[in-house]
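The values are calculated or read from the model by the stated rules, or taken from the named source; none is laboratory data. Just so it is clear, the model here is predicted, and its values are computed rather than measured. FYI the Cβ positions are ideal-geometry reconstructions off the backbone, even for glycines, and counts take in every protein chain you see.
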């Protein structure tokens, strides 16, 4: 159910508030491009700066606008287990198909504590859960042996692996059952992970290049590795520039340059620096995206 390319949607703002119309339009662009899923309120969606009311509203808008055409995987993670349960229950009530939950940050739980965190959420919500492992943001890494334990929990169906460590991802794939999907959390590692047996990607770059990301995945699935590799190399400069500063600073700047959203981003994130904005414009022009 969660194979392919799912887009980690940006959250557009206007005058300090949610830009609901722009969000609806982004959903339509993504679905028209053929993505296999939508992920509101993840890291790319600036979930850490959204109020609970805004968070719930974003999920509701994306579910309503999608109208069941693609699965909606709502970001509902928190370092508080009870808060994560509440957000996940809301996503379920809103009609989301699954939830993406970051490993608890700041608390730095033990590996056993991480397992109990997800087990409690799974028990209370009965919604398909995707684990989100991104040590660079959480200060804790979910080890392959821990992922093996998580994969035995009913409703824990997949992981978004953003450790950046292909060796770790290989061990996760080797230890977990085939029904447990391993998704890339790094756009540039999507193709290498597919080669190892991964199921796809939850992508930031697909906000900008959804059809290209989908084509790369489809080419690989059809066995046309040469075409998938060609697209990967074509997109490498885009991947590089979209992560030249903290995500989602560059991707929001790119979408603003294309006239899809305003340039608003919330503190403590700041607008793209002039030098990187010039670099971004150059890459977009070279790639035919301006």
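Some points to look at:
- Screening residue 226 with (1) surrounded by fewer than 21 Cβ atoms within 10 Å (Cβ to Cβ); (2) touching a residue at least 12 places away in the same chain (Cβ under 8 Å); (3) in a helix (DSSP H, G or I) gives one miss only, at (2).
- Yes/no for residue 121 being in contact with a strand residue (DSSP E or B) (Cβ under 7 Å, 6 or more places away or on another chain), surrounded by 24 or more Cβ atoms within 10 Å (Cβ to Cβ) and over 28 Å from residue 214 (Cβ atoms): yes
- Candidate set from the stretch 31-42 (those that are crowded, with 16+ Cβ neighbours inside 10 Å and farther than 9 Å from residue 9 by Cα); member that is nearest to the chain's Cα centre (by Cα): 37
- Candidates 133, 155, filtered to the one that is touching a strand residue (DSSP E or B) at 6+ places or on another chain (Cβ under 7 Å), surrounded by fewer than 20 Cβ atoms within 10 Å (Cβ to Cβ), closer than 28 Å to residue 95 by Cβ and in contact (Cβ under 8 Å) with a residue 12 or more places away in the chain: 155
- Any hit, the stretch 273-282, residues being surrounded by fewer than 19 Cβ atoms within 10 Å (Cβ to Cβ), under 18 Å from residue 8 (Cβ atoms) and modelled with pLDDT of 95 or more: no
- Looking only at residues in the stretch 80-103 that are outside any helix (DSSP H, G or I) and buried (at least 20 other Cβ atoms within 10 Å of the Cβ), the one that is nearest to the chain's Cα centre (by Cα) is 100.
- Enumeration of residues in the stretch 5-23 that are in contact with a helix residue (DSSP H, G or I) (Cβ under 7 Å, 6 or more places away or on another chain), farther than 13 Å from residue 202 by Cβ and buried (at least 16 other Cβ atoms within 10 Å of the Cβ): 10, 11, 12, 18, 23
- No other residue among 265, 202, 231 is out of contact with any strand residue (DSSP E or B) (no Cβ under 8 Å at 6 or more places or on another chain), modelled with pLDDT of 95 or more and surrounded by 16 or more Cβ atoms within 10 Å (Cβ to Cβ) apart from 231.
- Among the residues making up the stretch 104-158, those that are in a helix (DSSP H, G or I) and either at pLDDT below 95 or farther than 17 Å from residue 81 by Cβ (or both) are 135, 136, 137, 138, 144, 145, 147, 148.
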